[in-house]
1. Given Cβ point charges of +1 (Lys, Arg) and -1 (Asp, Glu) and nothing else, what value in debye, to the nearest 20, does the dipole of the stretch 242-327 about its Cα centre take?
2. Taking the Cα centre as origin and putting +1 on Lys and Arg beta-carbons and -1 on Asp and Glu beta-carbons, what dipole magnitude results for the chain, to the nearest 20 debye?
3. Taking only the C-alpha atoms, wrap a convex hull around the stretch 89-202 and report its volume per residue in Å³ as a whole number.
4. Would you work out the charge dipole size for the stretch 117-229 about its Cα centre, treating the Cβ of every Lys and Arg as +1 and the Cβ of every Asp and Glu as -1, and quote it to the nearest 20 debye?
5. Under a plain spin-label model, where a point goes 7 Å from the Cα along Cα-to-Cβ, how far apart in nm are CYS255 and ILE87?
6. Could I have the simple spin-label model distance between ALA54 and ARG138, label points 7 Å from Cα toward Cβ, reported in nm to one decimal?
7. Output the Cα-based Rg and Dmax of the stretch 233-285 in Å, rounding Rg to one decimal and Dmax to a whole number.
8. State the antiparallel share, in %, of DSSP beta bridges confined to the chain, rounding to the nearest 5.
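The values are calculated or read from the model by the stated rules, or taken from the named source; none is laboratory data. Owing to the predicted nature of the structure, the values given are computational and were not obtained by experimental measurement. Ideal geometry is used to build each Cβ from the backbone, glycine not excepted, and the neighbour counts take in all protein chains shown. Quick note on the areas: whole protein, heavy atoms, side chains included, nothing else; ligands and nucleic acids left out. Shrake-Rupley method; radii C 1.70, N 1.55, O 1.52, S 1.80 Å.
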Amino acid sequence: MSARMPSSFAARRFAGLAALAAGVPVFGGCRGALAPAAESSDRIAILFWIMAGAAAAIWIAVLLLAAYARYRRRPPRRRVAMALIVIGGAVVPVLGTAALLVGSLPMLPWLHAPHEGLQIRIEAERWWWRVHYRHDGRIIESANELRLPAGEPVTLLLGSRDVIHSLWIPELAGKLDMIPGRQTRLLLRPARSGRFDGLCAEYCGSAHAHMRFTTVVMPRPRFDTWLARQATPRAPASSDDDGARAFLSRGCGGCHRVRGSAADGRIGPDLTHLASRSTLAAGTLPMTRRDLERWIARPQHYKPGALMPAYDMLEPAERRAIAAWLLEDA
Ligand code: HEC
Ligand SMILES: [Cu+2]
């Protein structure tokens, strides 16, 4: 009994590893990419299925050939063997890959043609996303959430302020690098409304895994209403608002901007209408008052490496007042 244990254990482990190897790419990373919700990701998904189909056909053919070689009694004649090698080893791969190349090339012009329509600029920073919309000739800044109108072509102008990042919204488009000093363009046309997860797909340092964002695709009229609201400054705080006062006196305003207040920092995310976003710190915490208080006290505890100083020396009541003030304006 005990002598057999290791082999069955090894077999089980092997089965587990094999299941992992087969399952992870299909059900993990690609789940979003294979449920496309935009024209560009549609094409990528189709290409994936064609490639996967071709690979499966080749795999089965090779297995059949291997089985045939194993069980046939006499060795094949030289000329037959030679023909097999030339056809199977050269002609079929060359024709197959050429066909796949010819089939995929027509997708490139669509992905790279200039689109008119909405342009949104996204700057990646360690480890969050600065988002710029245009509204009435002005730039409206937001962060960590992207909103798009459904059914319209959009150009995302991508850049980075520090290291190379990569923007990936699996359900909407392929990934694209964000390179310091350069602008890359990602074209997409979301087909339907919904929420789609996005993430940084290029290792960029300690908080890379916490560099996520949400894309909200909504009907055009609702998008317009949302953008017009984002463009407004927040209502001025009355002079006796503890939260507003603490936000300024504790130096938050040196890094953060809240339009409509004296806070005009540009180092961290713009916090105007913070409550309209669904998460805090690029997908790290949900947007609730409790979580905001926790974030202010110990950012590195929730997001190791985050480039915001901890404010655990403040009285809890002061953090609560700041959080309440930030969230009262959606
Ligand atoms: C030295 C600059 C700096 C100071 C000072 C600072 N922050 Fe930050 N803050 C940042 C940076 C950088 C981030 C982005 C962190 C990340 O997500 O990786 C951030 C993120 C945030 C977020 C999350 C924003 C979002 O879009 O999800 C909130 C809220 C916030 N800070 C509030 C505050 C408050 C309140 C104070 C004062 C008590 C403060 N910050 C002081 C730099 C600063
Ligand atoms: Cu990154």
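1. 160
2. 2100
3. Details: hull volume 16.3 nm³, N = 114.
Hull volume normalised by residue count: 143 Å³.
4. Working: 17 positive and 12 negative charges, 52 e Å.
Approximately 260 debye in magnitude.
5. 6.8
6. It works out to 5.2 nm between the two label points.
7. 11.3, 33
8. Values: 31 of 45 bridges.
Given both bridge residues lie in the chain, the antiparallel proportion sits at roughly 70 percent.
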